[in-house]
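Beneath this line is the structure, given in structure tokens, with notes to follow.
The values are calculated or read from the model by the stated rules, or taken from the named source; none is laboratory data. Here the structure is a predicted model, which is why all the values come from computation and not from measurement. Please note: Cβ atoms are built from the backbone with ideal geometry, for glycine as well, and neighbour counts cover all protein chains shown. With ligands, DNA and RNA removed, areas are computed over all heavy atoms of the protein, side chains included. Shrake-Rupley method; radii C 1.70, N 1.55, O 1.52, S 1.80 Å.
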Amino acid sequence: MEKLRKLNISKKKICLTIYPSEFGFSSNGFSIYLNRNKTGEILSQNKTLSLLKVKHGDMLFLFPSSAGPSSENMDTIQEDEIDQYLSKQEGKIYRNRDPQLCHLIFHFLGKFVALENISCKIKSGCEGHPPWPEGICTKCQPSAITLNRQKYRHVDNIMFENHTIADRFLDFWRKTGNQRMGYLYGRYTEHKDIPLGIRAEVAAIYEPPQIGTQNSLELIEDPKAEAVEEIAAKLGLRKVGWIFTDLLSEDTRIGTVRYTRNKDSYFLSAEECITAGHFQNQHANACRLSPDGHFGSKFVTVVATGGPDNQVHFEGYQVSNQCMALVRDECLLPCKDVPELGYAKESSTEQYVPDVFYKDKDKFGNDITYLARPLPVEYLIIDITTTFPKDPVFTFSSTFRFPIENRDALGETQDFHSLATYLSQCSSSSSFLDIVSDFHLLLFLVTNEVMPLQDSIGLLLDAVKTSNEELAQTWKKSEQWATIEQLCSTVGGQPSGSLDYSSSAVWSCLHCTFMNQPGTEHVNVCILRVKILRYVLKKNV
């Protein structure tokens, strides 16, 4: 109230005067209400408090108006469902102070503050001087940045639905000793243990093409990326983050790992912070309270690394909005051979970079401002708790394991021989929904080269999404599944890629198709056998 209310006492009348500059607003950039739900607006500042029925100790509520986008633009911004839900909640905390709430929740902040994005670039359209590097002025020059540890979070918790998801991801490192990366697919939900909190729930991990060694990872262009996004969306999932391993074995006899990431080294390296910032910029958070229509990101980072007990721990993070801006505008670099330090670029003839500072205490306890060359990345990191539920949840209910994509280095391939082996594990009593309820199996059915089902698998994805056995059985009766079963029965008895493609059955079918031109009742079977032959020939090249 000290900033909001200044009292002028004249002739025994007490009037309300508002100083918008205290909040960084223009004279008409806000509205004031008697109630939190935006009722009882104070339209005139010239009335006395008694006429406004404002008494000593009453709370007044200030909301940004013109500081944000116009109401017309606000209506066109499609926020995430969880944000729409939480924006309607009151957010009162009916309990004693909790230490974990010392970190603000984003939706508390969004109720009262205009959400401005940081820009490190020269503003365009300034015509009073030649363009950089010949000229710059205070109108177009970006402001200097003083790094602060971000006091609010966009996501308050990361939860894997069950341990199986994480264990299957770790299997790659256990079998090869090489590091691994994956994208987390799931959904954002309300974190009911924290008022207005948001939780990222992980239902599956997709492993893109990559090259991993004991101490490095390199991502390769993924031709299936778009298809994966489409499948996930139809399953009611989205990409909520990324995960990578940083594991070194300590004692193979008892399965312990080294404890390398701690307060004496680093929690995230500068290069990892830059990568996290890149991903967060790719998945910006739609926000109607920002003039740009977006603010921050809910995209999370998880590191599988050794903990103080020398067991594998999963640590969750995000990087700050300041870090996102520095990464987006290409102002931040990693320091060579010093992973815990980043470096703010210096201006060049090609790029103007604003000064970046951070504050720290000297040995006498005084606050000192330092130029961020270099800078400790701890100023860029936000901790997020990572948990597993007491009672596991399974979006994908299959108890069998179809091979994970892009693991050819392990000798694990996704092909019809693998599918035949997978289906052979299923008993006659297994429900069809449980058999096909595997994220990696569904990806294979959609993206395989022999019989891709991208245009005809919608009903099955709906069945998995809604756990509807009846829908799954309906799709099972389709021509597409019959073809898949025929392919599996053909290759099922042979090792992968070793089918005898000189058999008379296959060649007579080819002869039948291309020479005799049989009736339509034979054509589908013939085409299928041709596809099988092409598939096997490709495998044997």
If you go through region 285-313, how many residues are under 16 Å from the mean Cα position of the chain (by Cα), hydrophobic (A, V, I, L, M, F, W, C) and at pLDDT 95 or above? 4
Look at region 185-223 and say how many of its residues are closer than 15 Å to A409 by Cα and in a loop (DSSP other than H, G, I, E, B). 6
Given the structure, is A227 over 17 Å from the mean Cα position of the chain (by Cα), more than 17 Å from L184 (Cβ to Cβ), buried (at least 22 other Cβ atoms within 10 Å of the Cβ) and in the same structural domain as M324 (by the TED database)? no
Yes/no for I243 being in a helix (DSSP H, G or I) and touching a residue at least 40 places away in the same chain (Cβ under 8 Å): no
Quick check: is even one residue across region 247-256 buried (at least 21 other Cβ atoms within 10 Å of the Cβ) and under 14 Å from the mean Cα position of the chain (by Cα)? no
How many residues are of a type in the set (K, R) and either touching a strand residue (DSSP E or B) at 6+ places or on another chain (Cβ under 6 Å) or under 18 Å from T301 (Cα atoms) (or both) if we restrict to region 169-190? 2
Exactly one condition in (1) open to solvent by 10 Å² or more (accessible area, probe 1.4 Å); (2) outside any loop (DSSP other than H, G, I, E, B) is not met by S265; state its number. (2)
Looking only at region 378-412, how many residues end up being on the phi > 0 side of the Ramachandran plot and within 23 Å of the chain's Cα centre (by Cα)? 1
Among the residues of region 156-179, count how many are in a loop (DSSP other than H, G, I, E, B) and touching an Asp or Glu at 6+ places or on another chain (Cβ under 7 Å). 2
Which condition number does V436 fail, the rest of (1) closer than 30 Å to M324 by Cβ; (2) of a type outside the set (S, T, Y); (3) buried (at least 21 other Cβ atoms within 10 Å of the Cβ) being met? (1)
Pairs only if they're at least six apart or on different chains, beta carbon under 7 angstrom, first in region 327-342 and small (G, A, S), second open to solvent by 20 Å² or more (accessible area, probe 1.4 Å); list them, first residue then second. G342/L333; G342/P334; G342/C335; G342/P374
What pairs come out if I take residues in region 424-452 that are among the small types (G, A, S) and pair them with residues that are part of a helix (DSSP H, G or I) whose C-beta lies under 8 Å away, six or more apart or interchain? S431/E469; S431/A472; S437/V464
Region 143-155, subset open to solvent by less than 10 Å² (accessible area, probe 1.4 Å) and part of a loop (DSSP other than H, G, I, E, B), residue nearest to I404 (Cα to Cα): V155
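For every residue, the table says whether it meets (1) under 24 Å from L326 (Cβ atoms); (2) among the charged types (D, E, K, R).
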position	(1), (2)
S119	yes, no
H129	no, no
E134	no, yes
N148	yes, no
T164	no, no
W173	no, no
N178	no, no
Looking at region 360-388, which of the residues that are outside any loop (DSSP other than H, G, I, E, B) and touching a Leu at 6+ places or on another chain (Cβ under 8 Å) is surrounded by the fewest Cβ atoms within 10 Å (Cβ to Cβ)? P376
Lone qualifier among D383, D415 - being among the charged types (D, E, K, R) and outside the structural domain of E271 (by the TED database): D415
Within region 175-196, is there a residue that is of a type in the set (D, E, K, R), within 28 Å of D83 (Cβ to Cβ), open to solvent by 10 Å² or more (accessible area, probe 1.4 Å) and in contact with a Phe, Trp or Tyr (Cβ under 9 Å, 6 or more places away or on another chain)? yes
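Matching residues to (1) closer than 20 Å to G236 by Cβ; (2) of a type in the set (F, W, Y); (3) outside any helix (DSSP H, G or I):
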| position | (1), (2), (3) |
| --- | --- |
| S397 | yes, no, yes |
| F400 | no, yes, yes |
| N406 | no, no, yes |
| A409 | no, no, no |
| Q414 | no, no, yes |
| L423 | no, no, no |
| S427 | no, no, yes |
| L433 | yes, no, no |
| L442 | yes, no, no |
Residues of region 86-132 being of a type in the set (F, W, Y), surrounded by 14 or more Cβ atoms within 10 Å (Cβ to Cβ) and modelled with pLDDT under 80, which ones? F106, F108
Boolean, D415 is among the charged types (D, E, K, R), under 25 Å from E479 (Cβ atoms) and under 25 Å from the mean Cα position of the chain (by Cα): no
Flag for S427 being outside the structural domain of R153 (by the TED database) and open to solvent by 40 Å² or more (accessible area, probe 1.4 Å): yes
Among the residues in region 71-81, are any at pLDDT 80 or above, open to solvent by less than 80 Å² (accessible area, probe 1.4 Å) and among the acidic types (D, E)? yes
